[in-house]
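Quick notes on the structure that follows.
What follows draws every value from the coordinates through simple rules; no lab data is involved. Every value quoted in this text rests on a predicted model; they were computed, and no experiment measured them. Quick reminder, even Gly has a Cβ in these numbers, built from the backbone with ideal geometry, and neighbours come from all protein chains shown.
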Amino acid sequence: MGTVSPTVDPAVPAAASPEPAGSPAPVPPEAPPAPAAPLRRPARRRPPARRLVRLGLRYLRLGWRSARRGARQLTVGVRTVWRRSLSFRMVSITTAAATVLVASFGYLLAWSSGRILIEGTAADVRTRIASGVTYAEGQLSVHGHPADPRLPGTLSQTAYFLAGSPSRPSQPGGPIVAFKARNLPDLRPTSSEQALDVTPLISAELERQVAQESRLAYQVRTGTVTGRPVKYLVYGAPLVTRFGTMQLYYIWPLSTQDDFARQIQFTVLVTGLALIALLAVLANLVTRMVVNPVRVAARTAQRLSAGLLDQRMSVRGEDDLALLAASFNQMAGNLQRQIVRLEEMSRLQRRFTSDVSHELRTPLTTVRMAADLIFSERDEFSPAVTRSAELLQAELDRFESLLSDLLEISRFDAGFAVLDLEPTDLVPMLRRVADQFAGLARSAGAPVRLDVPESAVIADVDPRRIERVLRNLVGNAIEHAEGAPVEVTLAAGDAAVAIAVRDRGVGLKPGEEKLVFSRFWRADPSRARQTGGTGLGLSISLEDARLHGGWLEAWGTPGGGAQFRLTLPLRGGDRLIAAPLPLVPADAAVTEGIGPAPEAAP
Amino acid sequence: MNRARPRTRAALSALSCLALLSGLAGCGLPGTSDVVVQERVGDAALPAGDEGTWPLAQRASVRDPKEFMRTMLSAAAGDPVEAAKRVRSFGDAPLRSRWEPPATVHVVDLDEDMAIDPRPGGFEATINVTFLGELADHGVVLPRPRRAATYKFDIAEGPDGLYLTAAPPVILLPAADLRQYFEQRTLYFWSADGAYLVPDVRYVPRRDMPRNQWPTLLVQWLLRGPSPLLRPVVRALPTDADLVGNVLSQDSRWSVNLTQAPDTDGRRLATQLRWTLAGPTGRADAVTVRVDRDRFGDEDSRYLVANPAYRAEQEPARLCLLAGRVQQIGGPSPGAVSVPYLPAGYRGLVRAAYQRFGSRRYGVLVRDAGRGRLAVDVATADANRFHRILPTALRARVVGQPTWVPTREFGLVPVDGALRLVRPSAAAAPVLPGAPGGVTAVAVAPDGRRVVLVAGGQLYAAALVADGTAISLTARTPLPLSELTGPTAVAWTAQGAVAVAGRQPRIGQTQVWSVSVDGAVQEPLQLPNQGLGTQPITQLSAVVDDPSDTSPADPVMYEANKLSYDTVGGSPVTVAELLDPGPGADRRGYPTAPFYLG
């Protein structure tokens, strides 16, 4: 718990105070106990009530947190369903709109029915109170002054008479009749129910309207004169007597009308809920009529995109859905034809490639054999012939590599390139490539410096292709290094690995970072080729990189050298998001206004 | 989160609408609302005030001790329940706490001479009273035997007026205050056979009850039932309902609200109420009795005949005897009752009494049977002549004034001190059961149920029960006379009062007084010191005032010293005033024994 308090009870084990694992909210520190009285012993046992309270609070917090978590999960779940299901969206929108409409109409109906009930009762009471006023005025006309000792008797007899027949007990639902004399304080209010005090039901405003303004007026009030709260319609009328004005009040219980109103409202509520439910069901049915064809279309499209090119939608009717289906079918047919044609073309291309390779190889082998023979006996020929024999050998070598590169490129073009992924450690591969070019590097005066991590960097790659790419990059770097060392860096991140090959040679002019990957493009055609490249190396490397789902990018500045970065995903099939190494080396000299162009992901 | 906002907004609005709906489902009507104001109702003002009330004078305003005594004694006039409280307000603090008289309010005759003797610090008042009756609840005055008493009161002079410091433990109400502060009204109850309404005299306090509240009080008293004097001869009320609210007059109709409907004919109750609420002027507005939503009234045509005093606008005929034959006094008038004539050979009449009963006429005839004895005959007549005269077996020396019982088929004659019953069809004349001995005069009210008689020098009121075959006199109550002694003749002058002739000891002459049937209100019919001679009055005859008739009442006729008088205190009737005395009437003497045919 960590509570530091001199009164921590050592008898309470830590296990007994459960703390939710990983609860982020800090436990509010307990208020320090009052400055300990000098008589207080330090290890005093805490009173059990406080412990219980703390336990209770803890469980409350736990409960609150789990409720919040549950609510969040529910919200997330609902949002997911909302995103994914068109019918759910439509049904819920319809239900919400219907609820709002039904609720507002229902409320209007209920309020209006209540008002009608009250007004009807008021009209009924008005006729009664009019005859009551006539009777009361007649009865009170025999009294000349308010102190007449028989006046209270007349008032209570009149009140009883008006409230109901005096021989019958006052019927439930009948009014309570009350007399009040606002201007005669000596005359106490009389009512037909002597046991109840009805003066709180007569509000000051109502009394003012009846007594001072001599108007008929009514008001609805709630009173608990009988013990239970009952709603009353209090109707007041002025009385004219010989000793002043009095007020007659009919306090009519609205229990029956209240029950009516409640029944009406309950019926409205039940009807409203049933209506909303029915609307939801109806919306669901209607939605399904629209959503199902769309779902069928989506599935068909999915299947089509997965490769089943003969998937078609059924066209029914002539509406938008039928139009969609017809267009879809048309598109699918075009695609199918196109793809079939392309496949045919690819097949032809492949056939052509393999045929060409075979056809070309055969004479090439023969020519090669002959050239080899001539080369082996070049010492016997005249110096011109010897030279020709050497040229022949070299060009034939070049021809062979060009042929194989072409074949490779044509395989890429035909889409026939096959990727054989296997987890490969890139570090030894890089070292191998560097070793392979050690001789060339020595002779070019451009040593290869490797910057690789200590541990293994395993990635899902096609080793043959990647090695080829690395060989191409390192070879190009050595060739264009102009005596400066070539730096090769390998870095791996969470999801990607990058290899950067940096040279400090001529570099690239601005705009050439893209062109450099074009086929047969050379920066400077006059440069001597030391490695006998074919001009297709970078294209093939780019295709190889793309095949892995990786990037191959170039950067360079005129005179500042160039850097080529190969980025590959560690796991096959992953999308590359970022590269562990920057494309622009840290020590690049940025010429004015021309920075490294932002590399767009291929 | 931007993408989520429209969605969460939609979700929130949907949820809130659902919540609104479900919240509505439980609440019903709104709990409160604003005051809804409607039109102005006419605010005409009515005149205020209590008309007809006589509030009690304040103690502090009276300074004269005699006036103080008079005011203090008049404080008992009013609601008898509060009488002691009112009188107590005239006392000082110690008297108020200890003076606890019994609740009976005694109606007394206060002597004029009140002795006020000065005492240190105040006065002592001595009064002489004669007990006449008690003012009970529901406005009934119960007559009590005449009794004289003397009381002393101590009055102290205080800083703000006089105070009563000592008083006897009795509540006294002077009869003069009863007359002044109470209004005499009659309730009506149906007779036991349901044929006629019998009046019941009550006293409504004028003191602090406004006039327009009296109808409510009268109906409340009516619903409590008849007074003890009438109970034997009237029906109980057909309903034990209570009055709801006040009795109001709207458009010349009374509106009476009852809690229950009467068990039997409600129209009879309406007629009862109609006569009860009729004013002293005689105007009887129709009554609508309401019970919940039902209403009923009586029929206009029948209510008049229910009151036995109703004479259908026919004037009574004044008759007298001259030389043994019946003569009519005064000229013929078009609206007079037709008088049947006796057969020509019938002579020797000494006294007679005629009575109209519907279309028939009855007569009790007392004639000279020779040898100083008198005989009694019963005669039956149609409108014109007595076609049947039946002699009874009665022969006596002393026969008092006969009377035929109105609404009945028998008459009463005091013969030798016994009250005898005579019938038109039987010669036997039995003594009336229940009658006392020594009866010298008898008079029956127009309803035929109430009787006033003089027996043994004492005036009595009684009820004549005659349902079925048994006829008897019950509920005999002595009526006290305040000033007269030795009553000799009685006659009914009003629904609630009789004329009594007797000797006024103060002037030593005969006087005729009007005495209410409960003895409470007694007034002389002549000037207080006017005497009607020294000879006693031997016959008294009067007609009860028709309540529907607004013309002045017919005067009381009497005979004294063998002379007839047709007005009290007037000159005797002479032969010249007779209608058709016949030739030689001057020589037959003076007319005697005047009587009315009502």
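When the dipole is taken about the Cα centre of region B:182-306, and only Lys, Arg (+1) and Asp, Glu (-1) are charged at their Cβ, what size is it in debye, to the nearest 20?
On the way: 17 positive and 15 negative charges, 70 e Å.
That gives a dipole near 340 debye.
Please give the FRET efficiency for A:MET331 paired with A:ARG519, using the beta carbon to beta carbon distance and R0 = 41 Å, rounded to the nearest 0.05.
Numbers: r = 34 Å, r/R0 = 0.82.
That pair, A:MET331 with A:ARG519, gives E of 0.75.
Treating the Cα atoms of region A:120-260 as identical point scatterers in vacuum, please give the log10 of the normalised Debye intensity I(q)/I(0) at q = 0.21 Å⁻¹, two decimals. So the normalised log intensities are -1.39. Peptide A:97-103 shows a mean partner chain C-beta count of 5 within 10 Å per residue C-beta. Put a dot 7 Å past the Cα of A:VAL367, heading toward its Cβ, do the same for B:SER338, and the two dots end up 18.3 nm apart.
Take the Cα gyration tensor of region B:317-597, multiply each eigenvalue by 5, square-root it, and list the three semi-axes largest first, rounded to whole angstrom.
Values: eigenvalues 130, 111, 69 Å².
Each semi-axis is the square root of five times an eigenvalue, giving 25, 24, 19 Å.
Considering only A:THR222, A:GLN157, A:LEU515, and ranking their Cα positions along the charge dipole of the protein assembly as shown that arises from unit charges at the beta-carbon of Lys, Arg, Asp and Glu, the one farthest toward the positive end is A:GLN157. Remark: mean inter-chain Cβ contacts per residue of A:140-150 equal 6, using a 10 Å Cβ-Cβ cutoff to other protein chain atoms. Pairs of Cα atoms nearer than 8 Å and 6+ residues apart set the relative contact order; for region B:317-597 it is 15 percent. To the nearest ten degrees, helix B:65-74 and the longest principal axis of the Cα atoms of chain B are 80 degrees apart. For chain A, the longest principal axis of the Cα atoms and the long axis of helix A:48-84 meet at an angle of about 60 degrees.
Centroid-to-centroid, using Cα positions, region A:284-347 and region B:87-160 are 128 Å apart. With a Förster radius of 22 Å applied to the beta-carbon distance between A:ARG431 and A:LEU547, the computed FRET efficiency rounds to 0.40. Ordering A:322-328, A:428-434 by mean Cβ neighbour count within 10 Å, with the highest value first, yields A:428-434, A:322-328. Across region A:96-195, the mean sequence separation of Cα contacts (distance under 8 Å, 6 or more residues apart), normalised by length, yields a relative contact order of 19 percent. Adding -39500 (n - 2.57) for every DSSP H run of four residues or longer, then dividing by how many residues chain A holds, sets the calculated 222 nm ellipticity at -17500 deg cm²/dmol. Seen against the Cα atoms of chain A and their longest principal axis, helix A:86-140 is set at about 10 degrees.
For the protein assembly as shown, compute the number of Lys pairs whose alpha carbons are separated by less than 25 Å, excluding pairs fewer than 8 positions apart on the same chain.
4
A Förster radius of 22 Å, combined with the Cβ-Cβ distance separating B:SER89 from A:ALA147, puts the computed FRET efficiency at roughly 0.85. Charged side chains reduced to their Cβ positions (Lys and Arg at +1, Asp and Glu at -1) give region A:120-260 a dipole of some 80 debye around its Cα centre.
Only Cα sites of region B:59-180 enter the Debye sum here, all with the same form factor; the resulting log10 I(q)/I(0) across q = 0.17 1/Å is -0.82, listed in q order.
How large is the charge dipole for region A:309-417, taken about the Cα centre, if only the Cβ atoms of Lys, Arg (+1) and Asp, Glu (-1) carry charge, to the nearest 20 debye?
Charge dipole of region A:309-417: 380 debye, to the nearest 20.
Taking all Cα-Cα distances within region B:439-533, those exceeding 16 Å account for 51%. Taken residue by residue and averaged, Cβ atoms of other chains lying within 10 Å of the Cβ of A:260-272 number 4. Projection of the Cα convex hull of region B:210-326, averaged over all directions and equal to a quarter of that hull's surface, yields 10.5 nm².
Distance from the Cα centroid of region B:388-412 to that of region A:49-77 is 119 Å (rounded to whole angstrom). Scanning residues 5 or more positions from A:VAL225 or on other chains, those with amide H under 5 Å from its amide H are A:VAL230, with H placed 1.01 Å from N in the peptide plane.
Residue-normalised convex hull volume from the C-alpha trace of the protein assembly as shown: 388 Å³ per residue. Evaluating 6.51 cos²θ - 1.76 cosθ + 1.60 at θ = phi - 60° for every residue in region B:504-510, the Karplus couplings come out as 9, x, 5, 10, x, 10, 7 Hz, glycine and proline recorded as x.
Just round it to a whole percent: the fraction of Cα-Cα distances in chain A exceeding 37 Å. So the portion of pairs separated by more than 37 Å is 71 percent.
The protection proxy used here, the mean number of other Cβ atoms lying within 10 Å of each residue, ranks peptides B:467-473, A:268-274 as follows, highest first: A:268-274, B:467-473.
Along the positive direction of the dipole of chain A (beta-carbon charges: Lys, Arg +1; Asp, Glu -1; about the Cα centre), which of A:VAL291, A:SER410, A:LEU547 reaches farthest? So the residue furthest toward the plus end is A:VAL291. Highest mean first, the peptides B:426-438, B:219-231 sorted by other C-beta atoms within 10 Å per residue fall in the order B:219-231, B:426-438. Projecting the Cα positions of B:VAL305, B:SER227, A:GLN212 onto the charge dipole of the protein assembly as shown (unit charges on Cβ atoms of Lys, Arg, Asp and Glu, taken about the Cα centre) puts B:SER227 furthest along the positive direction.
For B:SER33, the residues whose amide H sits under 5 Å from its own are A:VAL220, ignoring neighbours fewer than 5 places away on the same chain, with H placed 1.01 Å from N. In a fully extended conformation the segment linking A:GLN302 and A:ALA322 would gain 5.3 nm over its present Cα-Cα distance, using 0.36 nm per residue. Checking every one of the trypsin sites (Lys or Arg not before Pro) in region B:308-369 against DSSP loop status and a limit of 14 other Cβ atoms within 10 Å picks out B:ARG347.
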